[in-house]
1. Name the long-range amide H neighbours of Arg209: under 5 Å, sequence gap of 5 or more, or other chain; modelled H, no Pro or chain starts.
2. Given the options His170, Gly217, Ile17, identify the residue whose Cα lies farthest towards the positive end of the charge dipole of the chain (+1 on Cβ of Lys, Arg; -1 on Cβ of Asp, Glu).
3. First check a/c for segment 133-211, with a ≥ b ≥ c the square roots of the eigenvalues of its C-alpha gyration tensor; if it is under 1.5, answer rounded, and if not, answer prolate when a/b is larger than b/c or oblate otherwise.
4. Express the carbon and sulfur contribution to the solvent-accessible surface of segment 65-113 as a percent, rounded to the nearest whole number, probe 1.4 angstrom.
5. Give the percent of DSSP beta bridges with both residues in segment 121-239 that are antiparallel, rounded to the nearest 5.
6. Where nothing but the Cβ of Lys and Arg (+1) and of Asp and Glu (-1) is charged, how large is the charge dipole of segment 1-143 around its Cα centre, in debye to the nearest 20?
7. Going Cα to Cα from Lys14, which aspartates and glutamates come in below 18 Å? Please leave out same-chain ones fewer than 8 positions away.
8. At 1.4 Å probe radius, can you tell me the per residue accessible area of segment 1-130 in Å²?
Amino acid sequence: MLEATSLSYTINGKTIINDVSLSVERGEVFALVGPNGAGKSTLLRLFSGELTPSGGVITLNGQPLGEYSRRQLALKRAVMAQRESVSFDFSVYDVVMLGRHPHIKRAETPHDREVVETSLKSTESDYLADRFFATLSSGEQSRVTFSRILAQQTDLLLLDEPTSTLDLRHQQLIMMIAQSLASEGAAIIAIVHDLNLAAIYADRIGILRDGTWVDVGTPQAVLTEENLFAAFNLPTVVMPHPHYDRPLIVPLPLSKKQDS
């Protein structure tokens, strides 16, 4: 569905993304992991069309990304940024309705309202519908923003740290929804900092460091002690998960030498 070939991105003489290739298919959750400053958010912004690559090609459904109009892109892919800001006193309901705008031709329809209500219920946010978005906690805002993404009803979801501000229950809920959407034929690319969440819910994982891949593959193949040390400069123990056929990652304390 989304294919990037030899992708690079340079700004002010600094290369942020260097020779990255990736193909993501319908029906899969792809988790993008790596240390701070690895280029993960930049890569997601390239995939979304927000940034133009310095080199390489990105295609969506076989068509170069740059050939789509903004509205066409909005009907094809939904983007959840790392930080969402709302300048006006929009209610939660209004924020989620923004996800319907690419579909609305003249006025909101009963179907649009039904989609918004269903999206809010799916993230356990329907009780917030009449609240002002700006008054919510960061976790509540994240759930509402994810509801907006669901309301957009696209086949490609690009999610920048969708679980970072959420409590334990809602981290699991959001990843379960992503997994369910993939089972229905969507493609999900999500930046995830919790490696154990990525291990459980992702079909494939790409570890990025310094703008290039450390490794790409299944959680079992990629989440090794060697790869994690190469990416994070941190020793870990990787063991079988007691409940899933996936790896379980346990970080070990930094030694004084590593800390320095």
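1. Residues meeting the criterion, in which the H sits 1.01 Å from N, are Val214.
2. Ile17
3. On the way: a/c = 1.62, a/b = 1.21, b/c = 1.34.
Judged from the Cα gyration tensor, segment 133-211 comes out oblate (a/c at least 1.5, b/c at or above a/b).
4. Working: 1610 of 3300 Å².
In segment 65-113, the share of accessible area belonging to carbon and sulfur is 49 percent.
5. Details: 5 of 10 bridges.
So the antiparallel bridges amount to about 50 percent of the total.
6. In total the dipole reaches around 360 debye.
7. The qualifying aspartates and glutamates are Asp210.
8. Numbers: 6980 Å² over 130 residues.
It amounts to 54 Å² per residue over segment 1-130.
The values are calculated or read from the model by the stated rules, or taken from the named source; none is laboratory data. Since the structure is predicted, the reported quantities are computational estimates derived from the model, not experimental observations. Note: ideal-geometry Cβ built from the backbone for every residue, glycine included; neighbour counts use all protein chains shown. Just so you know, the surface numbers come from the protein's heavy atoms only, side chains and all, with ligands and any DNA or RNA stripped out. Shrake-Rupley method; radii C 1.70, N 1.55, O 1.52, S 1.80 Å.
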